[in-house]
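The numbers here are math on the coordinates, done by the rules we state, and not lab data. Values in this document were obtained by computation on a predicted structure and should not be read as measured data. As a convention, Cβ positions derive from the backbone with ideal geometry for all residues, glycine included, and neighbour counts pool all protein chains shown.
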Amino acid sequence: MSSSPARIRNPLTWVPSSYLAEGIPFALVIWVTGTMLKDLGHSDGEITLATASIGIAWSLKPLWAAFLDMFKTKKFFVLWMEVIMAVLLCGIAVALPLPNYFQITIAVLWVLAFCSATQDICVDGIYITSLDEKGQAKYIGVQGVFWNVGRLFGTAAVVWLAGSLKEDHGYSTTAAWSWAIAMSAATLALLAVYHWFVLPTGSIGDRPVSMKAAFARFGEAIVDFFKKDSIWGMLMFVFLYRSSEGLLLIEGGLFLQASPEHGGVGLSLKDKGLIDGTIATVVSLGAGLLGGAFMAKYGLNRRTLIFMALCLNIPHLAFVVLSQLAGPGHSLSFWTVASLVTLEKFGYSFGFVANMLYMMQQISPGRFHMTHYAFANSIMNLTLVPTQMISGPLADYLGYKTYFIVVMFAAIPSVLGAMFAPFPRKPDNGHPT
């Protein structure tokens, strides 16, 4: 099912759509499912324990990343994963009316997560093997922006559609979400068709002659990874960078959706979709592009890394403010909520760029470039699994007001990680480290 173009097309024809396709399934698993289950009556603790555990799939990518680089082209796997994920989403849409929909949905999401992780490996592999370091830095902002557009497609368009079908057209909660999930499936299917024509193949390594040789190559990739200079310090930075963010990723949205009687903001699905979409999307797009332009101008070095870590974490104060203002008898204006949430989204999109560029230019270069990037990515996602899992039960126990203060203290390891991150490899852009 792969098709190789004779030349590498303009990156703007495939980088935005590729990372949009990466962001959509991740958003559906991590954020949209939580919103849907909350709307269907499940508690924060039940939701975060079930959905965050699925995130382990993105942390297990190294177990099969090397094999994807051996037997088929990267484009082949991207296309097939997008098709399979579209089919799986259709399965969830059909299963929602069933009595045991919760168990079926979680099971299907596990499979979808592994497909999404496989797609991530190969999209990232195409990016880092089709572009030189200058090109990687040039388009890193575009990459980050459109991954976040995929996230916002889920948290905005899908959620808004479900809310509109419920509130404006009289659909039941189950029917509204079934149609919204089906729309997501159609979107991934259309992206697969588009990528058939425009996606580069990516570099192809030497093919092993047997499974024994394949496992030997995988072993070489692992040994080579841990022999890199300052590898443990680099991995510590990657692990810590999103320590605070993991506590906010799922729980922040559930807090916005929770009723004021339970300490939440009490947004409707339509308002939640509008804030995450129409308003926050524009700001996040600009923030990601600004982050990429900032890194392209000033380069990846310790000072820029610390600055980006602060940009990522300080805006979490927006949720501290919201949690102190919200509660029984307190009705917050739409624009107050929108302004504070958008501020947090700006910081996230701007600061996230540095983490991706650090993994591309400091950790992954070498013989097993794609595989080592997947290794680093998995470490990055690994910190999100426990933090997301405990976020719901912790928020239920502490209450939202105290919980978001804890989130701010969790930002300290992120900033310390940036302060002490090693730079064993001087980047080709000439900026000092």
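Of note:
- Here the label points at PHE215 and ARG367, each 7 Å from Cα along the C-beta direction, are separated by 2.0 nm in the simple model.
- Using the average count of surrounding beta-carbon atoms within 10 Å as a protection proxy, the listed peptides 321-328, 135-142 rank, highest first, as 135-142, 321-328.
- Computed from Cα positions, the angle between helix 400-409 and the longest principal axis of the chain comes to roughly 20 degrees.
- Summed residue charge, Cβ within 13 Å of GLY163's Cβ, Lys/Arg positive, Asp/Glu negative: -1
- Globularity index of the chain, i.e. its alpha-carbon radius of gyration over 2.2 N^0.38 Å: 0.94
- Segment 378-417 shape via C-alpha gyration tensor axes, a/c threshold 1.5: oblate
- The chain - mean residue ellipticity at 222 nm from DSSP helices (-39,500 (n - 2.57) per run, n ≥ 4, rounded to 500): -23000 deg cm²/dmol
- Across segment 11-419, Cα pairs under 8 Å and at least six residues apart give a relative contact order of 29 percent.
- Each of MET81, MET234 was scored by other Cβ atoms within 10 Å of its Cβ. Listed from fewest to most, they are MET234, MET81.
- Relative to the longest principal axis of the Cα atoms of the chain, helix 133-152 runs at roughly 30 degrees.
- Across segment 1-143, C-alpha contacts under 8 Å between residues 6 or more apart give a mean separation that, scaled by the residue count, equals a relative contact order of 37 percent.
- Whether segment 339-433 is rounded, prolate or oblate, judged on the alpha carbon gyration tensor where a/c under 1.5 counts as rounded: prolate
- Global geometry of segment 1-148, whether rounded, prolate or oblate, following the gyration tensor of its Cα atoms and the 1.5 cut on a/c: prolate
- The chymotrypsin sites (Phe, Trp or Tyr not before Pro) of segment 342-394 include none that meets both criteria, a DSSP state outside H, G, I, E and B (loop) and at most 11 other C-beta atoms within 10 angstrom of the site's C-beta.
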